[in-house]
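The values are calculated or read from the model by the stated rules, or taken from the named source; none is laboratory data. Nothing here was measured: the structure is a model prediction, and the numbers come from that model. Counting neighbours? That spans all protein chains shown, and the Cβs are built from the backbone with ideal geometry, glycine included. Note: accessible area is taken over every heavy atom of the protein model, side chains too, but ligands, DNA and RNA are not part of it. Shrake-Rupley method; radii C 1.70, N 1.55, O 1.52, S 1.80 Å.
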Amino acid sequence: MKNYFQPEIETMPVEQLKALQSERLVEQVKFVYDNVEFYRSKMDEAGVKPEDIKSVDDLYKLPFITKDDLRDQYPYGLLGVPLSECVRIQSTSGTTGRRVVAFYTQKDIDIWEECCARAIVAAGGTKDDVVHVCYGYGLFTGGPGLNGGSHKVGSLTLPMSSGNTDRQLQFMEDLGSTILCCTPSYAANLGETIKARGLKDKIKLKAGIFGAEPWTEEMRHNIENTLGIKAYDIYGLTEISGPGVSYECEAQAGMHIAEDHFVPEIINPKTGEVLPEGEVGELVFTCITKKAFPLLRYRTRDLCYLTREACPCGRTHIRMHKPMGRSDDMMVVKGVNVWPSQIEAVLLQQGFEANYQIVVDRIGNNDTIEVQVEMTPEMAAADVPAADREKKVVAGLKSMLGIKVDVKVVEPNTIARSEGKAVRVVDKRNLYC
Ligand code: DLL
């Protein structure tokens, strides 16, 4: 049995799909040129006129957008419609600096939720399922996206949000949850708790839709075995809408990109050159239907490759391999996007110098993050206990990142100096495969 939410779109012949993309792209380019000053000047600077974009084959002519552009235009600079037509914002983690606020019209939300509905149906979901959503709700897109998708499928939706494992398990058992949506690390956590408490026979889960952070095939197998389910990958980013930009089908061999809404490209992150199908590079997305926050050629910094090889599920939409790394230094820790520069900013604000190291690890299924930072000689001479300084840095990092970071303040000149590029981050998790 094939599982589709919108079969006429998901299995559309490639030629027809390309024609649809081209038509939408031409309209979208004109739309942003006419409505967003940022795009008008960027395109003028690059010497590209809307008329130059006649099909998706002309996409390469448009300039890229980066996270820095989003920061410069924060908060309203990229709006494609009047604020009165926007009905929602969502945002990335990080309270300062790197925060991205994305806007949605009601139609943008409908499209996003449809993409999530496709993901749920691709994982075998129907209106008879009980969809247990323990991604965070609120500004993070995980909870609201899968919640909306589940409504569109007509499944019974449990808006659990994250945390409180006892309550999660109680509801799972009492209400007979069949599809679990959360980060893979939390799924692994739940799996271990279920095993330890001998609850497996009382749990009816059949599938899980896991994403928002990198995870390996090995982790997939572990989760599938402990929970007795099929584990599907789902990818997305706030800037492009949220989860559901791409999702796995029953073949579990790469994620189908919702190409009727998002046109992907793979580029060489150093030169910007567009790479052919199958080559690993940075994933770039152009949103061809979104109106409130219409990003064109947005550089995700995620590294992967694309394949249009026929998929046994019958979907024609191109597949992306799960992210294989980043072209910047962002890490996803405890489900939160973390840049070393955010940590450095907190340290410098508190009078430290840039002599620090960040150690990220995974103990069991839980991420740990520790920052070791050297006192300056002046700090070492002052009569302030290291524990007091540590407490202050912990509070500063919590406020910046929203997660608890362990901090160790060490004596001057104890962190090894590098002769070349400083090694600021030691990530022992090996999450990419
Ligand atoms: O993580 C959206 C999401 C929610 C996706 C729930 C899937 C499920 P952001 O917080 O903006 O949005 O983080 C986006 O997370 O650029 C990737 O680096 C990483 N990421 C997201 N999904 C995956 C995945 C949400 N399946 C950033 N595998 C992206 C690996 C992922 N990395």
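Just subtract the alpha-carbon distance of L156 and I363 from 0.36 nm times their residue separation and send over the number in nm, one decimal.
Numbers: separation 207, 0.36 × 207 = 74.52 nm, distance 3.39 nm.
Net length gain for the segment: 71.1 nm.
Please get the size of the charge dipole for the chain, origin at its Cα centre, with Cβ charges of +1 on Lys and Arg and -1 on Asp and Glu, quoted in debye to the nearest 20. If you can, show how the numbers build up before the last one.
Values: 51 positive and 61 negative charges, 159 e Å.
For the chain, the charge dipole is close to 760 debye.
For the chain, the share of DSSP beta bridges that are antiparallel, to the nearest 5, is 60%.
Its relative contact order, with pairs defined as Cα atoms under 8 Å and 6+ residues apart, puts segment 119-242 at 26 percent. Here the Karplus curve 6.51 cos²θ - 1.76 cosθ + 1.60, taken at θ = phi - 60°, turns the phi angles of segment 237-244 into couplings of 8, 3, 4, 9, 1, x, x, x Hz, with x standing for Gly and Pro. What percent does the relative contact order of segment 117-173 come to when contacts are Cα pairs within less than 8 Å and at least six residues apart? This gives 40 percent for segment 117-173.
Compute, for segment 381-433, the length of the dipole vector about the Cα centre, with Cβ point charges of +1 (Lys, Arg) and -1 (Asp, Glu) only. Units Debye, rounded to 20.
My answer is approximately 260 debye.
The E378 and I403 beta-carbon pair, evaluated with R₀ = 45 Å, returns a calculated FRET efficiency of approximately 0.90. Note on T216 and K391: the model spin-label points, each 7 Å out from Cα along the C-beta direction, lie 3.9 nm apart. Structural size metrics of segment 300-374, computed from C-alpha coordinates, are Rg and Dmax of 18.1, 58 Å. Computed on protein heavy atoms with a 1.4 Å probe, the accessible areas place M172, M330 in the order M330, M172, largest first. Given R₀ = 30 Å, FRET efficiency for K127-D34 by Cβ-Cβ distance, to 0.05? Between K127 and D34 the formula returns 0.15.
Determine how large the accessible area of V48 is when every protein chain is in place; take a 1.4 Å probe and give Å² rounded to the nearest 10. The value for V48 is about 10 Å². Treating cross-link reach as a plain straight distance, find the aspartates and glutamates whose alpha-carbon is under 20 Å from the alpha-carbon of K200, omitting any fewer than eight places away in the same chain. Leaving aside aspartates and glutamates fewer than 8 places away in the same chain, those within reach of K200 are D129, D166, E173, D174, E192, E224.
Extension gain for E85 to N413 (0.36 nm times residue separation, less C-alpha to C-alpha distance): 112.5 nm. Under 24 Å from the Cα of K54, which lysines turn up, not counting those fewer than eight places away in the same chain? Partners within reach: K18, K30, K42, K290, K291.
Give the ranking of E15, E353, E282 by solvent-accessible surface, highest area first, calculated with a 1.4 Å probe. Intermediate values should be presented prior to the final figure.
On the way: E15 140, E353 100, E282 0 Å².
Result, largest first: E15, E353, E282.
Based on DSSP H segments of at least four residues, each scored -39500 (n - 2.57), the chain has a per-residue ellipticity at 222 nm of -9500 deg cm²/dmol. Distance between the pseudo-spin-label points of A354 and E8 (7 Å out from Cα toward the beta carbon): 5.6 nm. Accessible area of segment 1-326 with a 1.4 Å probe: how many percent of it is carbon plus sulfur? Of all accessible area on segment 1-326, carbon and sulfur atoms account for 51 percent. For the chain, the percent of C-alpha pairs falling in each 10 Å distance bin, counted from 0 to the bin holding the largest distance, reads 4, 20, 29, 25, 15, 5, 1, 0.
Between the listed residues G351, V394, W339, the Cα displaced farthest toward the positive end of the dipole of segment 331-432, a dipole computed from Cβ unit charges relative to the Cα centre, is found at W339.
State, as an integer percentage, the relative contact order of segment 1-326 based on alpha-carbon contacts under 8 Å between residues 6 or more apart. Mind showing how you got there, number by number?
On the way: 673 pairs, mean separation 58.6, N = 326.
Reported relative contact order: 18 percent.
Kirkwood hydrodynamic radius, segment 331-432, all distinct C-alpha pairs: what's the number in Å?
14.1 Å
Reported to the nearest whole Å, the Cα centre-to-centre distance from segment 332-355 to segment 165-238 is 31. Ordered from largest to smallest accessible area (heavy atoms of protein chains, 1.4 Å probe), the residues K152, K42, K322, K2 come out as K2, K152, K42, K322.
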